[in-house]
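Before any comments, here is the structure.
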Amino acid sequence: MVQSKAQTVEGYLNALTDDRREIISTIRNRILDILPDGYVESINWGMISYEIPLETYPNTYNGQPLGIASIASQKNHLAIYMMGCYMVPEQTEKLMKAYEIMGIKPNMGKSCIRFTTLEKIPLDTIMELIQHFSVTDYIKRYESIKKK
């Protein structure tokens, strides 16, 4: 995974080529429009991240904020990391159904969705999955998994 050295979201975006900046900015703006209260935008893990601040929930396994999603420009593709989707099988099923409806085979890892253009991802569904995962629900889900 390519990690940016940028310290700010603006720095991250400014380091991208015009075509990648346009795609990442489109996704970013959509996320900012629907992001549930309590999540914040930051640069973490070398990408633009949407997470629960440690001031809200410090009890994480690695001392890092709990992230619901991240967006990144990698060497050969763009990626959306959907950590919430990784924790909730129903979210994964909804995402896979959206790809099926689009007639596109998803290019996915455990929590990442790899793509080269916006037309290759179900962006509306991705936004729904982020929008409907409150901070309270995310923490409850995380704690239930952490106990196992």
Near the amide H of Ala69, under 5 Å away, which other amide H atoms are found, from residues 5 or more places off or on another chain, if H is placed in the peptide plane? Tyr50, Met83
For a distance above 19 Å, tell me the whole-number percent of Cα pairs in segment 9-140 that qualify. 47 percent
Proximal lysine pairs in the chain, meaning Cα under 19 Å and 8 or more positions apart or interchain, come to 14
Sort segment 15-92 into rounded, prolate or oblate with this rule: let a ≥ b ≥ c be the square roots of the eigenvalues of the Cα gyration tensor; rounded if a/c is under 1.5, and if a/c is not under 1.5, prolate when a/b is larger than b/c, oblate otherwise. prolate
May I ask you to list the GluC sites (Glu not before Pro) in segment 30-60 that are in a DSSP loop and have at most 14 other Cβ atoms within 10 Å of their Cβ? Glu55
Please turn the phi angles of segment 90-104 into ³J(HN,Hα) values with the Karplus equation 6.51 cos²θ - 1.76 cosθ + 1.60 (θ = phi - 60°), one per residue in order, whole Hz, x for glycine and proline. 5, 5, 4, 4, 5, 5, 5, 5, 5, 5, 4, 4, 6, x, 10
Classify segment 1-45 as rounded, prolate or oblate, taking a ≥ b ≥ c as the square roots of the eigenvalues of its Cα gyration tensor: rounded when a/c is under 1.5, otherwise prolate if a/b is larger than b/c and oblate if not. oblate
With a sphere of radius 15 Å drawn around the Cβ of Trp45, what net charge do the other residues whose Cβ falls strictly inside it have (Lys, Arg +1; Asp, Glu -1)? 0
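Rule-based calculations on the coordinates, nothing more; no lab input. Everything quoted here is computed from the prediction, not taken from an experiment. Heads up, the Cβs are rebuilt from the backbone with ideal geometry, glycines too, and the neighbour counts pull from every protein chain shown.
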